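A short worksheet on the structure shown next.
Where a number appears in this text, it was derived from the coordinates with a stated rule and is not lab data. If you're wondering where the values come from, they're calculated on a predicted model, not measured in any experiment. Note that each Cβ is placed from the backbone with ideal geometry, even for glycine, and that neighbours are counted across all protein chains shown.
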Amino acid sequence: MRIDFDFLVIGSGIAGLNFALSAAGRGARVAVVTKTALPEGSSRYAQGGVASVWSPEDSFDAHAADTDGAGGGLCHRDVVDLVVREGPERIRELIELGAHFTLREDAASAFDVELGLEGGHSRRRIIHAVDATGSEMMRALLEAATATPNIALFEGAFAIDLITSAKFGLPGPDRCLGAYVQRGGGVDVFAARATLLATGGAGKVYVYTSNPDVATGDGIAMAYRAGARIGNMEFIQFHPTCLFHPHAKSFLISETVRGEGALLRRPDGYRFMPDYDPRAELAPRDRGRRRASTR
Ligand SMILES: Cc1cc2nc3c(=O)[nH]c(=O)nc-3n(C[C@H](O)[C@H](O)[C@H](O)COP(=O)(O)OP(=O)(O)OC[C@H]3O[C@@H](n4cnc5c(N)ncnc54)[C@H](O)[C@@H]3O)c2cc1C
């Protein structure tokens with residue numbers, strides 16, 4: 001079967017749903033395909049929250065400097081600036097969409113959010129929904145997407161490969177025409193003027209991971225097969241604190257615990273991180289107060 005849309009979005013995480021809502025808001029007909037259930041993906045498991053300049057005591061420059069520091073000076077400065085400067089507006093949009101973030105005790109409106117502190121940040125700027133931020137953002141986005149008539153959501157729809165004009169020998173520069181999508185027992189053609197890969201990460205290439213089972217790098221593989229240039233594959237975020245149990249799936253212990261002062265220790269109590277990075281010498285909330293190592 002062939003199904004035609006203006007946009008095909010592959011992946012129903014925060015990236016895919018956000019794009020779908022934005023395109024649909026401009027009148028486009030959008031298909032979102034997702035390989036298992038709609039909420040499944042890394043987004044729903046995000047705990048600690050979203051970093052954004054929200055307090056008058058914070059600044060875009062401070063957030064950009066912290067990001068550069070955490071990125072070991074390897075970040076693309078233009079991307080850092082864009083993400084940092086657009087952050088507050090995106091948060092406002094999410095609140096207007098109905099996302100409920102944890103509020104300050106003296107809050108007068110949904111915008112008076114409580115700000116947490118995480119490792120790598122010199123200021124309080126983590127906007128969160130208790131410790132289930134991704135789940136709350138997904139709830140709000142999914143409710144909005146479901147209520148939008150020109151967004152069609154397809155669960156159990158596994159994108160297998162991109163369809164490109166070169167594969168059909170069509171004239172002109174090579175372009176993406178849509179994707180082959182496995183649904184039920186068959187494979188459908190989802191044709192679109194533009195296709196967005198929002199398939200998340202590839203954490204499942206590791207034996208131990210905090211990522212969900214769907215994080216198998218499908219979009220990266222599809223893009224590569226279609227001839228796209230793949231870059232920055234060496235940059236993988238790993239969570240230093242995970243609950244390990246030999247008979248259960250590991251799950252993340254929020255990074256906020258370290259932001260609020262928790263320390264990483266070996267079973268014998270030794271603080272090993274300062275051996276690898278001098279910045280670990282002080283817990284983030286103690287920065288500027290220089291105290292002796294607690295190692
Ligand atoms: C445990 C955990 C905690 C985290 N905590 C935080 C945090 O506190 N703050 C923060 O900023 N970030 C956090 N992150 C990172 C954050 O969750 C991700 O960066 C973000 O959610 C990625 O969103 P996404 O939409 O790109 O991908 P995802 O949410 O992973 O969505 C990918 C989607 O693509 C679908 N898909 C994949 N392959 C196919 C295919 N072949 N066909 C069809 N569909 C496909 C998946 O099913 C899924 O719907 C955390 C991540 C994890 C795993």
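Odds and ends about this structure:
- Computed over the Cα atoms of segment 242-286, the ratio of the radius of gyration to the Kirkwood radius (Rg/Rh) comes to 1.03.
- Per residue of the chain, the DSSP helices (runs of n ≥ 4 H) give a summed -39500 (n - 2.57) that works out to -7500 deg cm²/dmol at 222 nm.
- log10 of Debye I(q)/I(0), alpha-carbon scatterers only, for the chain at 0.16 Å⁻¹: -1.43
- As a rough footprinting exposure proxy, the listed residues Thr133, Thr146 were ranked by other beta carbons within 10 Å of their own, and the order from fewest upward is Thr146, Thr133.
- Angle of helix 77-97 to the longest C-alpha principal axis of the chain, folded into 0 to 90 degrees and rounded to 10: 80°.
- Trypsin sites (Lys or Arg not before Pro) within segment 38-105: DSSP coil, no more than 14 neighbouring Cβ in 10 Å: Arg104
- Multiplying the residue separation of Arg85 and Ala166 by 0.36 nm and subtracting their alpha-carbon distance yields 25.3 nm.
- Sites Phe244 and Val189 - FRET efficiency at Förster radius 35 Å, r taken between beta-carbons, to 0.05: 0.20
- Ellipsoid semi-axes in whole angstrom, largest first, where each is sqrt(5λ) of the Cα gyration tensor of segment 1-54: 25, 16, 5
- Directionally averaged shadow of segment 117-234, computed from the convex hull of its alpha-carbon atoms, nm²: 11.3 nm²
- Cleavage-rule hits (GluC sites (Glu not before Pro)) in segment 1-103: DSSP loop, at most 16 neighbouring Cβ within 10 angstrom: Glu57
- On full extension, the segment bounded by Asp268 and Glu234 gains 9.0 nm, given 0.36 nm per residue less the C-alpha separation.
- Its residue count N fixes a reference of 2.2 N^0.38 Å for segment 154-215, and the Cα radius of gyration divided by that reference is 1.39.
- Cα-derived Rg to Rh of segment 105-157, Kirkwood definition: 1.14
- Among beta bridges from DSSP that stay inside the chain, the antiparallel ones total about 55%.
- Overall shape of segment 1-121 was characterised from the C-alpha gyration tensor. The equivalent ellipsoid obtained from it has semi-axes of 30, 19, 14 Å, in decreasing order.
- Between helix 60-70 and the chain: long-axis angle, C-alpha atoms, 0 to 90°, nearest 10: 90 degrees
- Helix 133-146 axis, angle to the chain major axis (alpha carbon atoms, nearest 10°): 20 degrees
- Peptides 184-193, 261-270, ordered by how many other C-beta atoms sit within 10 Å of their residues on average, highest first, read 184-193, 261-270.
- Whole-angstrom Cα spans of segment 22-85 along principal axes, big to small: 39, 28, 26
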